[in-house]
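The values are calculated or read from the model by the stated rules, or taken from the named source; none is laboratory data. Every value quoted in this text rests on a predicted model; they were computed, and no experiment measured them. We place every Cβ from the backbone using ideal geometry, glycine too, and count neighbours over all the protein chains shown. These accessible areas exclude ligands, DNA and RNA; they are computed on the full protein's heavy atoms, side chains included. Shrake-Rupley method; radii C 1.70, N 1.55, O 1.52, S 1.80 Å.
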Amino acid sequence: MVKAMFEKKRFWNVFCLFCGLFIIGLFVFLGFVDNESTVVSIVSGIIFGAIICVFNLIFLLFNFKAYLYVEDGRIKGRYHYFGKINCGVSDVEFAMSRMNTLTIQLKNGKRHIIMGIANSFDLCSAIRVNMRFDASEQPEKLIAYLNTLLASKKRGMLYVCCWSALMFINIFVAVFLTGDRELHQFDKIDWWIMGLMGIVEIATIIVTFYFARKTGKNNVPIEKIKYTIRRTVIETKPLLPGFVIAVYTDYDYFIRITLFGYPHQSAVYFSVQRIDSEYNLIHEYTSEIYEDKELLSEALEKFIDVTEKF
């Protein structure tokens, strides 16, 4: 079983929560004992303390009593505030880990983005090892599809940048059309201009977030295609010549380690191949000869055994 290690709550949030409660209590106390205190000042202080409390309470309740584990081909967990997952690894289309965040894409289209996991790499590895994988497409076709997705993402990022710039341009245009006057100096035409530019600004923000969201949706498919290409290359390209004993790879399928031996001998050596930026499998290193396989067993435990693929 591989169990998630959720990040612990920070002392700072607990401290700020009590500070907020103290501020609320202080202003309530002043309301009873200080006759010079105004209602506005007391209410403002209480609201300020309440905002601090709510803000820090949100952080403290994030992943409260959260758990997540992979065991016997199933993924079970509770995360964030109301998130839940209970599915088989066979239901997973793809999984990836980034900056203490585990993303699980299911075949039914549902996506679980679980943040605050210190060992997200380990859980992602456990899921990928047990994921069903079929190399049904040639790497060349997958690379062509990847280039299409990357081009789409690049266009999306360009749209986001352009519309983001337009938000600031709208502000300068509004200031220019109203003569850079203060609000109390506005006449009827100025207010019409501000209203129209306000509508344009809101529309611009909506369009910007639309393109940002649409562009962000490409991240998981792109990572999935990259992973599929690497794994296909690792599992299908011919091995280097020699007396092969076993074949290993890392969880992300960036390298392939081939363990070689000699007939009727215990001596072994290994070679390392790596996927380059063009998704070619290149030879990188050949080791010295070791007396037996046991000398390498501890180091090889960190890798996935894919010998059966060959």
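For segment 1-94, chymotrypsin sites (Phe, Trp or Tyr not before Pro) meeting the loop criterion (DSSP other than H, G, I, E, B) and having at most 14 other Cβ atoms within 10 Å: 64, 81, 82. With the convex hull constructed from alpha-carbon coordinates only, segment 9-148 shows a mean projected area of 12.9 nm² over all directions. Label reach from residue 32 (point 7 Å along Cα→C-beta): in segment 47-74, amide nitrogens under 20 Å belong to 47-50. Full extension of the chain between residue 50 and residue 69 yields a length gain of 3.2 nm, computed as 0.36 nm times the residue separation minus the alpha carbon distance. Using R0 = 22 Å, the C-beta based FRET efficiency linking residue 279 and residue 152 works out to 0.70. Nearest 10 degrees is fine. How inclined is helix 39-61 to the longest principal axis of the chain, computing both from alpha carbons? Approximately 10 degrees, to the nearest ten. Computed over protein heavy atoms with a 1.4 Å probe, the accessible surface of the chain works out to 64 Å² per residue. Points 7 angstrom from Cα along the Cβ direction at residue 191 and residue 245: gap in nanometres? Result for the modelled spin labels: 8.6 nm.
Just the number, please: carbon plus sulfur as a percent of the accessible area of the chain, 1.4 Å probe, no ligands or DNA/RNA counted.
Values: 12610 of 19830 Å².
Carbon and sulfur atoms account for 64 percent of the accessible area of the chain.
Express the C-alpha Rg of the chain as a ratio against the empirical globular expectation 2.2 N^0.38 Å, rounded to two decimals. The reported ratio for this selection is 1.49. Stretching the chain fully between residue 39 and residue 141 yields a gain of 29.6 nm (0.36 nm per residue, less the alpha carbon separation).
Please report how far the C-alpha centroid of segment 77-99 lies from that of segment 30-57, rounded to the nearest whole angstrom. Measuring centre to centre over Cα atoms gives 42 Å.
Each Cα pair under 8 Å and six or more residues apart adds its separation to the average, and for the chain the resulting relative contact order is 11 percent. A simple spin-label model places the labels of residue 287 and residue 264 2.5 nm from each other, with each point 7 Å out along Cα-to-Cβ.
Gain on full extension, evaluated as 0.36 nm per residue between residue 91 and residue 210 minus their Cα-Cα distance, stands at 39.9 nm.
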